[in-house]
Each structure stands twice: as C-alpha cells, then as structure tokens.
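Readers should treat all values here as calculations from the given coordinates under stated rules, not as data from a laboratory. Computed from a prediction, not measured in an experiment: that's the story for all the values here. Glycine also receives a Cβ, built like all others from the backbone with ideal geometry; neighbour counts cover every protein chain displayed.
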Amino acid sequence: MRADLVTCYAGVPEHFQADRGKVYRIHNYPDSRARGAFYSELASNRYNMIIMICAAQPIMTKWKWMLVARVRKKVLILNENGDYFYFDRGNLNTIREFVLFRAGMSGAVAVRTLGRLMAFPFALLYLILFAAVVHLRRKLRTL
C-alpha cells in the first residue's frame with residue numbers, strides 16, 4: 001500500500017517509510033501556480049481515498065479542504081481520539097454533530113457560546129462609542 005503525506009512540518013514522522021510514500025510539504029507551494037501543479041500531481045496519483053486528520057488544532061485547515069475539493073476522492077475524517085467517519089451523505093448526522101462540537105455549540109457549552117454571540121454586537125457598539133467619546137474629548141481639549 002502506498003501512503004503519501006501532506007504536512008506543514010519540516011521533518012518526516014518517525015514511522016513513515018519513505019519507500020512506501022512521498023512527503024509533500026505545503027511550504028514548497030507558495031504561489032497559486034505551484035499549488036495548481038501540486039493539486040494536479042495529487043489528482044494524477046489515483047488515490048483510493050484521502051484521510052484527513054481533524055484534530056482540535058486548526059493546522060492546515062484551508063489546505064485540507066482544498067485538497068478534498070481538488071483531488072475528489074472518498075474522504076475519511078479522523079479525529080484526535082481515533083474516531084472516524086466517511087465524509088458523505090450517509091453520515092450527515094455525524095458530520096453535523098462533529099461541526100457543532102468543534103464550534104462549541106453542543107452540550108452545556110452551547111448556552112455560553114450563544115450568550116457570547118448575542119453579547120458581541122453590544123460589546124462592539126460600547127467599545128466604538130467609548131473610543132468616539134475619548135477622541136472627541138481629546139479634540140475638544142485641543143481647541
């Protein structure tokens with residue numbers, strides 16, 4: 001079995017066997033032309049599936065979803081706990097729960113998140129008004 005790896009890290013993982021796959025580093029593709037060639041190369045490799053590790057850290061998020069969109073193979077989502085599911089219509093409920101959990105909208109945390117979302121416009125308005133008053137006072141003192 002061949003397994004290629006797309007990573008943002010400089011080294012090679014400890015148990016990765018170089019004779020059974022290639023390591024692609026995203027830093028080698030800085031502009032859109034290089035990325036286009038990279039996507040074409042991956043699409044031409046005829047993979048059976050893409051395994052995307054969705055850990056709690058937002059590392060390479062844009063790259064992961066662009067690879068899913070450009071390579072167009074079956075996608076297996078793997079989280080940091082070793083739980084996995086296929087990214088397809090049959091798992092819509094699992095995907096919805098996964099997204100809600102990652103967004104902080106599940107369980108008791110959802111109430112706190114919704115409270116923050118509702119308070120945000122008022123807090124922003126208060127800060128804008130406070131800054132306007134401070135700057136207006138400064139302007140009036142200098143006159």
Quickly run through segment 99-118 and pick out the residues that are small (G, A, S) and surrounded by 11 or more Cβ atoms within 10 Å (Cβ to Cβ). A103, G104, S106, A110
Subset of segment 17-34, residues in a helix (DSSP H, G or I), under 16 Å from K62 (Cβ atoms) and touching a residue at least 12 places away in the same chain (Cβ under 8 Å), comes to I26, H27
Could you list all residues from segment 51-78 that are farther than 30 Å from M118 by Cα, of a type outside the set (V, I, T) and not in a helix (DSSP H, G or I)? M52, R72, K73, K74, L76, L78
Complete set of residues in segment 34-67 that are in contact with a Lys or Arg (Cβ under 6 Å, 6 or more places away or on another chain) and hydrophobic (A, V, I, L, M, F, W, C): M49, I50, M52
State whether one or more residues within segment 94-102 are in contact with a Phe, Trp or Tyr (Cβ under 9 Å, 6 or more places away or on another chain) and of a type in the set (V, I, T). yes
